[in-house]
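Step one of this worksheet: look at the structure below.
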Amino acid sequence: MRDRVPVVVQGSGRRGRRAGLAGVLWAGAELIVTLGVVVLLLVVHQVWWTNRQAVAAAQEQVRALERAWGDGDGADGEAGGADGGGAEPVAGVPPEPAGGAGYEGDGVPAAGRGPGPAATRPAGAPDREPAYAVLRVPRLGLVVPVAQGVDKRSVLDKGYAGQYPGTAGPGAQGNFALAGHRNTHGEPFRYINRLRAGDELIVDMRGRRYTYVVGKTLSQTTERDTGVIAPVPRSVVEPDQGYSEPGAYITLTTCTPEYSSKYRLVVWGTLKSS
């Protein structure tokens, strides 16, 4: 018999290593694609689906208020209207502590611990209802319920405008100050940067309507500029911005720029004379 000559296959180990590396790269690529899809779905849910849910719930709340008011006085449009940060309230003005007048939160100001301003329940506001008024902005086609407090989970994330605790009620002397999301969760205040002097801001309550007229806009200030919601609103960051005389004011606040909570955008108005 002939002796068998062993055959040596060159590079088989190298090819094996290459195949293993290709498998790892392929698995990594699949993982990255999967994570990308998950992130995309989360973004769609946050930006689109939460808006739909919040707008629908806010519309229903407006209709519920109008049904409760009986004659639906002032009900001349659908809720929602604007399809536009997330918004945060001005820092340093916390929700009333749990157990207070229908607010939620721990009452801790952003600038340090201590009690926030005492909550003022507007005249005519129901004791337990989550919303007590309707804000209408004709220029924006916006109709949104107004609730007490600026807690995100129980007020702002529902697509409502939230009244800062301690500020005046609708139509009263002082400052009726509101916060609302600019992006996500209904985005009721997304387009308030489009408001101009002379535009109307209408607040409906049971049997009453208060019409404010936009007077001034502060395009950017810090989250700690609590002067913008003072009884006589005047920025402490930009002292030349605001008012100097007592009156009946309305203030709308939201985040700016869009999809950021770094600064605050402020719109002020004054009560229209009868």
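Every number here is computed from the coordinates shown, using simple stated rules; none is lab data. Please read these numbers as outputs of a predicted model, since none were measured by experiment. With ideal geometry, Cβ positions are generated from the backbone for all residues, glycine too; neighbour counts draw on all protein chains shown.
Pull up segment 152-185, narrow it to residues that are part of a strand (DSSP E or B) and hydrophobic (A, V, I, L, M, F, W, C), then point me to the one that is nearest to Thr211 (Cα to Cα).
Per the criteria, the residue is Phe176.
Go through segment 235-274 and report how many residues are assigned to a strand (DSSP E or B) and closer than 23 Å to Thr211 by Cβ.
Total meeting the criteria: 15.
State all residues of segment 159-212 that are in contact with a Lys or Arg (Cβ under 6 Å, 6 or more places away or on another chain), closer than 22 Å to Ala64 by Cβ, surrounded by 24 or more Cβ atoms within 10 Å (Cβ to Cβ) and not aromatic (Phe, Trp, Tyr); if no residue qualifies, say none.
If the condition is that a residue be in contact with a Lys or Arg (Cβ under 6 Å, 6 or more places away or on another chain), closer than 22 Å to Ala64 by Cβ, surrounded by 24 or more Cβ atoms within 10 Å (Cβ to Cβ) and not aromatic (Phe, Trp, Tyr), then no residue fits.
Name the pairs: first residue in segment 201-226 and farther than 21 Å from Gly141 by Cα, second residue among the polar types (S, T, N, Q) and surrounded by fewer than 16 Cβ atoms within 10 Å (Cβ to Cβ), Cβ to Cβ under 7 Å, at least 6 apart or on different chains?
Every condition considered, no pair remains.
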